[in-house]
Amino acid sequence: MDKQSYAKYLFQLMGEEVEDDELIEEMLYGYFQMYMPSGKGVEATFKPLEDGDAYLQRINRIYEILDHSDFAGETVPGYFNSKAKDVPPTVLKQHGEQFILALKQLLVEYVTDERDSVNEAVAYLSGIEEILIVPHGQLDSIRQSHDSALYETIFDVVSEHKNYDEPIEVLNEAYYSIACDYWLSYYLQWHRYKLKGDPFAPYFELFALGYSAVFSDNKLYIGS
């Protein structure tokens, strides 16, 4: 199945009739929210894909974190968010340590004399001074001063391993719109990149616990 056919199939699942010349990825923004909160029916999304089971296994995890009571009223969440759990700081830091190591292992594969940005990113991760757990609500302000060079390098490496012609590409915006989080999107789509390891698994574990992580000022900050 090509991208165009797959996109039409997805719009049919949504009950939408769209002309061929109107099919754009942005129209699938918020697609996975259609199956909130249980995820019932989402399996049809990946049925036409040869490796659909790999994507289904990942996306099912995102529905497992939802609190169904949040969907009982007149207003419902627009994004996938997990409520912060009462987790010992040692557990959060362990996930953070695993995340740093996994990212470094991902990037070290691409260290060459010509890839200064990758070399610098590996050095940056090797030089993380500490992992800090911050109080609820403080992470957003820290995010404003994140170390952008690291994020851009990871984005570049992942993007180089995308096949933009494969059908799953039409869901790229849908994956991002789950929580407006590129790293969560990478975890859920990791199968498509054909890269070693599972570097964003520790990041997802933090997300499932209601936390996120930000690299800033040579530190990894974790908060809710």
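Where a number appears in this text, it was derived from the coordinates with a stated rule and is not lab data. None of the values given here were measured: they were computed from a predicted structure. Cβ sites come from the backbone with ideal geometry, for glycine too, and all protein chains shown count toward neighbours.
To the nearest 20 debye, what is the magnitude of the charge dipole of the chain about its Cα centre, counting +1 on the Cβ of each Lys and Arg and -1 on the Cβ of each Asp and Glu?
Charge dipole, the chain, about its Cα centre: 960 debye, nearest 20.
Excluding Asp53 itself, calculate the net charge of residues whose Cβ lies under 12 Å from the Cβ of Asp53, where each Lys or Arg counts +1 and each Asp or Glu counts -1.
Net charge around Asp53: -1.
Could you calculate the contour length gain from Glu120 to Val18, that is, 0.36 nm times the residue separation minus the distance between their Cα atoms, to one decimal place in nm?
32.2 nm
Would you calculate the volume per residue, in Å³, of the smallest convex hull containing every Cα atom of the chain?
Output value, Cα hull per residue: 137 Å³.
Between Thr75 and His146, what is the label-to-label distance in nm when each label sits 7 Å out along the Cα-to-Cβ direction?
Simple spin-label model gives 2.6 nm for this pair.
What does the extension gain come out to for Lys40 and Lys85, with contour length at 0.36 nm per residue minus their alpha carbon separation?
Using 0.36 nm per residue and subtracting the Cα-Cα distance, I get 13.7 nm.
From the cross-link list Lys93/Lys194; Lys8/Lys104; Lys3/Lys40; Lys8/Lys83; Lys8/Lys85, which pairs have alpha carbons spaced over 31 Å apart?
The answer is Lys8/Lys104; Lys8/Lys83; Lys8/Lys85.
Just want to confirm a number: the relative contact order over the chain, from Cα pairs under 8 angstrom separated by 6+ residues, in percent.
Over the chain, the number comes to 32 percent.
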